[in-house]
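This report concerns only the one structure given below.
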Amino acid sequence: MSVIAIIGNKGGVGKTTLAINLATLLSEQAATCLLDADPQGSILHWAAMVDNANMPAVFDATANVGNAVAQYRDDYQHILIDCPPQLQSEQTQAALASADVVVIPVLPSPLDLWATVAVNEGIASARESNPDLKALLVINQMEPSTKHE
């Protein structure tokens, strides 16, 4: 059983798209669900528009992420949590407390990379109560010829 939180301190970096694609891939191997913890509700909207029996189950977790994880823990091998783009939001903090792995998508630009400094500090803080939390940084939308100095 794994709980994977997709977090970030900025909007527009691809959190929701990554959450959907990762959950869809994992659902081919084991029972997987997506918790939409972002008040924007993009994953809930996506699920309402898609007619695909092979897509993972989607649930609203904006009210209480911790309760949602506990509720679905026994039914799913993988639980992915799509978080709002605010590190200090109640939903993101609850996701960090519940997760085994946190995935941080970031765009390959200096400003986006700079925004991950606060995320790193937030993960360090979360590890005080969740010491086994693993973190992965995913560079999203990277062009092969991109060069930053």
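What follows is calculated from the coordinates using simple rules that are stated; it is not laboratory data. In this text, all values refer to a predicted model and were calculated from it rather than measured experimentally. We place every Cβ from the backbone using ideal geometry, glycine too, and count neighbours over all the protein chains shown.
Given H placed on each backbone N at 1.01 Å, which residues far from Ile81 in sequence or on other chains put an amide H within less than 5 Å of it?
Amide H neighbours of Ile81: Ile4, Ala5, Ile6, Leu35.
What is the set of long-range amide H partners of Gln40 at a cut-off below 5 Å, with H atoms built 1.01 Å from backbone N?
Residues meeting the criterion, in which the H sits 1.01 Å from N, do not exist here.
Which FRET efficiency value, to the nearest 0.05, is calculated for Asn120 and Asn21 with the Förster distance at 25 angstrom and r the Cβ-Cβ distance? Write out the running numbers ahead of the final one.
Details: r = 24 Å, r/R0 = 0.96.
E between Asn120 and Asn21, to the nearest 0.05, is 0.55.
What nm distance separates the two modelled labels at Met1 and Asn130, each placed 7 Å from Cα along Cα→Cβ?
1.5 nm
Using amide H atoms built 1.01 Å from N in the peptide plane, name the residues 5+ places from Val138, or on other chains, whose amide H lies under 5 Å from its own.
When sequence neighbours closer than 5 places are left aside, the close amide H contacts are Ile104, Val106.
Per DSSP H run of n ≥ 4, the term is -39500 (n - 2.57); total these for the chain, divide by its residue number, and report the mean residue ellipticity at 222 nm rounded to 500 deg cm²/dmol.
Values: 5 runs with 55 residues, N = 149.
After summing the helix terms and dividing by the residues of the chain, the value is -11000 deg cm²/dmol.
How do Leu22, Leu34 line up, fewest other C-beta atoms within 10 Å first?
With the fewest neighbours first, Leu22, Leu34 line up as Leu22, Leu34.
So between Arg73 and Asn52, what do we pick up on full extension, going 0.36 nm a residue minus the alpha carbon distance? Walk me through the numbers before you get to the answer.
Values: separation 21, 0.36 × 21 = 7.56 nm, distance 2.33 nm.
Between Arg73 and Asn52, full extension yields 5.2 nm more.
I'm spelling it out carefully: the read-out is Cα extents along the principal axes in Å, the candidates are (1) 39, 35, 25; (2) 46, 36, 27; (3) 46, 27, 25, and one was derived from this structure. Which label?
Only one listed value fits the structure, namely (2).
Measure nothing but the geometry: give the 0 to 90° angle between the long axis through the Cα atoms of 15-27 and the longest principal axis through the Cα atoms of the chain, rounded to 10°.
50 degrees
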